[in-house]
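In what follows, a single structure is set out as structure tokens and then discussed.
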Amino acid sequence: MKHDTEIRDEHPQPQSLLSDHQDVSENRVTKVWEDAWQALDGLPDTGGVNIAHETVVRHAQSGRRNQLALRCLDRNGHIEDFSYARLDQRSNRFANLLCHLGVAPGERVFCVLGRVPDLFVAALGCWKNRSVFCALFAAFGPEPLRTRLEIGQARVLVTTAQIYQRKIASQRDQLPGLDFVLITGDDTPPEGTLSLNTLMDDANDCFTIEPTDAQEIALIHFTSGTTGRPKGALHAHAAVVAHRSTAQLALDLQPGDVYWCTADPGWVTGISYGLIAPLALGACIILDEGDFDVQRWYRVLQDQGVNVWYTAPTALRMMMKYGIEVARGYDLTALRFIASVGEPLHKEAVVWSEAAFGRVVHDTWWQTETGAIMIANYRGLKLRPGSMGQPLPGIEAALFQLGPEGGLQPVQAANARGQLALRSGWPSQFRGYINEDARYHACFAGDWYLSGDLARRDDAGYYWFIGRADDVIKSAGHLIGPFEVEQTLMAHPAVLEAGVVGMPDPIVGETVKAFVVLKPGFMLDSTLNRELMAHARKHLGPAVAPRAIEARDDLPKTRSGKIMRRVLRARELGLPEGDVSTILSGPLDSDSN
Ligand code: WT7
């Protein structure tokens, strides 16, 4: 940990949120973001901010033109490289083809693809056309895909012939707004779809971005709540301000760095820090199509000479499981900075990483809604292993508890616990949930955004993760809404009721477990168990489907009939039933979430 402790703190943090300090911190906050805005290029002549301009156009028109922007490794080890100029031209073609199809600014373009360059080209081209981009996790089953395409009102979908035929085609009539499906690769496009390659070949590779207001919506990221449908969080072009500046500080990312973010673009990290931040900073992205494999990952780190690596605690735990000897077989000297996100990073992983990679791992905390890193063991801050770190300069955090009169109040004392909240106003803050105003407003207490996470702040101002205040499940870094899983199980003819909870797991954090009450005449023998598992996997996809299903005679419910998942979970784990739910209740515990 020498590396970290020796660096001086260049960005001292304000000590508290007391009102007599507020003027000072507000000025400071404003100054931090003013500087971050200044670092952007801005659209020529017309002004305004467009993510595609800040990430590719500005570099393609500068000395960085021929620098590597993106290196894609396919499953078979084949490499495809894109310079900034090539990425610019390819995305110009995509923007032109959208124009040609009559796709207007503000309309939604979705991708259901793996970690492939077409997805990046589509995202950039989409922003150039001022349309709104959304990538969905390709391992989702037909249900989660349809729900999200519906909520997001997708007009265009870019996907593979296989995914289309397996998961979308049969539901196409339920998606009347989906006018164009563009099929990647050389497969003959199935009926009702178009070939992306043909359209790209026919499109012009010059494009001028129209004036773009920084507050225009650029992105949708779906996230899961306790109840109801998934939430489509909206983000503006302005978010690039935060992506760029937070990556500099919390990931130590610099121009020319070889950078690998292992998150899938189907999740917010894979877009904010897998695509936008590194290009905005003029770095070179490594995009690996392959799935997690310990040896392969070490090889990528070594062979590509990765300087900055942003990954997930789950992956680190899997690497730890294989032992430090495996790491010693590789030359990882190019690695300069490692960070992780998505789940608690335990102290042992930080210590192990230093021994295995020669570098500690820096924990970072944020959410789909925050759009960018908010709290981190950032560059220059003395690292406290096991903690999430401190709020980044420009970010004000606080812990809220229920006061004696009911309302939420910030707690100041060292080691106090509460719900983690952030003062509204940072550039990458979400602008709403699609068609869900009530759920959006339930996230705020005055001008504080309530995260739904419980945390503790120590005497030096470092934040420590405690858990979630709601029932959302976190498995392998992905948020899973129990409601979505319960609905799917209840669609099976044998299931009367279902309650879905997360069970602790040493590697993936939590696994999804379902408890079902069966309809009269059914018994959960191994045949029905297999059938229910297959049903869940078919509709939800393997990433969301439960790992285990058990039958119960009844499920614990509130008087209004809501399943008490925390009680279910506590019973299962032999915990006191009140244990988890009494820590804090607040707006996020309400039905609207
Ligand atoms: C939830 C947000 C934004 C990154 C990808 C996930 C959990 C995130 C940490 C961390 C402990 C963490 C929280 C948060 N989480 N980072 N460093 N330590 N927990 O985005 O899917 O919106 O999930 O992930 O519970 O609320 P997301």
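According to the Kirkwood expression over distinct Cα-Cα pairs, how big is the hydrodynamic radius of segment 262-414, in Å?
16.9
Once Lys and Arg get +1 and Asp and Glu get -1 on their Cβ, which of Ala123, Leu145, Gly499 lies farthest toward the positive end of the dipole of the chain?
Gly499
Quick check: at a probe of 1.4 Å, how many percent of the accessible area of the chain sits on carbon and sulfur atoms?
Using a 1.4 Å probe with all protein chains present, the chain comes out at 49 percent carbon and sulfur.
For segment 171-278, with the dipole built from +1 on Lys and Arg beta-carbon atoms and -1 on Asp and Glu ones, taken about the Cα centre, which of Pro255, Pro190, Phe222 lies farthest toward the positive end?
So the residue furthest toward the plus end is Phe222.
Could you report segment 346-440's accessible area per residue, 1.4 Å probe, as an integer in Å²?
33
What distance in nm separates the simple spin-label points at Tyr322 and Lys347, each placed 7 Å from Cα in the Cβ direction?
In this crude label model, Tyr322 to Lys347 measures out at 2.8 nm.
At 0.36 nm per residue, minus the direct Cα-Cα distance, what do Gln412 and Glu26 gain on full extension? Give it in nm, one decimal, please.
Between Gln412 and Glu26, full extension yields 137.1 nm more.
Have a look at the DSSP beta bridges in the chain and tell me what percent are antiparallel, nearest 5.
Counting DSSP beta bridges with both partners in the chain, the antiparallel share is about 60 percent.
When N is the residue count of segment 190-231, what does its C-alpha Rg come to as a fraction of 2.2 N^0.38 Å?
Computed over Cα atoms of segment 190-231, the ratio equals 1.95.
How big is D, in µm² s⁻¹, for segment 256-307 by Stokes-Einstein at 37 °C and 0.692 mPa s if Rh is the Kirkwood radius over C-alpha pairs?
291
Taking only the alpha-carbon positions of segment 349-479 and ignoring solvent, what does the Debye formula give for the base-10 log of I(q)/I(0) at q = 0.13, 0.16, 0.19 Å⁻¹?
Those come out to -0.58, -0.87, -1.18, one per q.
Give me the Å³ per residue figure for the convex hull around the C-alpha atoms of segment 491-570.
105
Leaving out ligands and nucleic acids, note down the accessible area per residue over segment 106-254 with a 1.4 angstrom probe, in whole Å².
Here the residues of segment 106-254 average 32 Å² of exposed surface.
Over the Cα atoms of the chain, what radius of gyration and what Dmax do you get, in Å?
For the chain, the Cα-based Rg and Dmax read 23.5, 72 Å.
What whole-number volume per residue, in cubic angstrom, does the convex hull of the C-alpha atoms of segment 86-127 give?
58
Once phi is turned into θ = phi - 60°, what whole-Hz ³J(HN,Hα) does the Karplus curve with 6.51, -1.76 and 1.60 give for every residue of segment 68-83, x standing for Gly and Pro?
5, 9, 8, 10, 9, 9, 8, 4, 9, x, 6, 10, 10, 9, 10, 6
In segment 292-397, what percentage of the DSSP-assigned beta bridges are antiparallel, given to the nearest 5?
The antiparallel fraction comes to roughly 35 percent.
Between Gln295 and Asp41, what length comes free when the chain is fully extended (0.36 nm per residue of separation minus the Cα-Cα distance, one decimal in nm)?
The Gln295-Asp41 span can extend by a further 87.4 nm.
P(r) tail for segment 536-575, what percent of Cα pairs lie past 16 Å?
Here the long-distance tail beyond 16 Å is 52 percent of all Cα pairs in segment 536-575.
With a Förster radius of 60 Å, plug the Cβ-Cβ distance of Lys538 and Lys382 into 1/(1 + (r/R0)^6) and report the FRET value to the nearest 0.05.
The formula returns an efficiency of 0.75 here.
Order 187-197, 251-261 from most to least packed using the mean count of other Cβ atoms within 10 Å.
251-261, 187-197
Positive end of the dipole of segment 459-549, charges at C-beta (+1 Lys, Arg; -1 Asp, Glu), about the Cα centre: which of Phe483, Ala543, Trp464 has its Cα farthest in that direction?
Positive-most Cα among the choices belongs to Ala543.
So for each of 91-100, 285-294 I average, over its residues, the number of other beta carbons within 10 Å; can you give me the resulting order with the highest mean first?
91-100, 285-294
Using bins 10 angstrom wide from zero, how does P(r) for segment 75-193 break down, in % of all Cα pairs?
Bins of 10 Å from zero give 13, 46, 33, 7, 0 percent of pairs.
Where does each of 555-565, 311-321, 511-521 land if you order them by average Cβ count within 10 Å, highest first?
Result, highest mean Cβ count within 10 Å first: 311-321, 511-521, 555-565.
Let's see if you can work this out: charge +1 on each Lys and Arg Cβ, -1 on each Asp and Glu Cβ, no other charges. What is the dipole magnitude of the chain about its Cα centre, in debye to the nearest 20?
Around 740 debye, computed over the chain.
The values are calculated or read from the model by the stated rules, or taken from the named source; none is laboratory data. All values reported here derive from a predicted model rather than from experimental measurement. All Cβ positions, glycine included, derive from the backbone under ideal geometry; neighbour counts span all protein chains shown. Areas reflect the complete protein model, heavy atoms only, side chains present, ligands, DNA and RNA absent. Shrake-Rupley method; radii C 1.70, N 1.55, O 1.52, S 1.80 Å.
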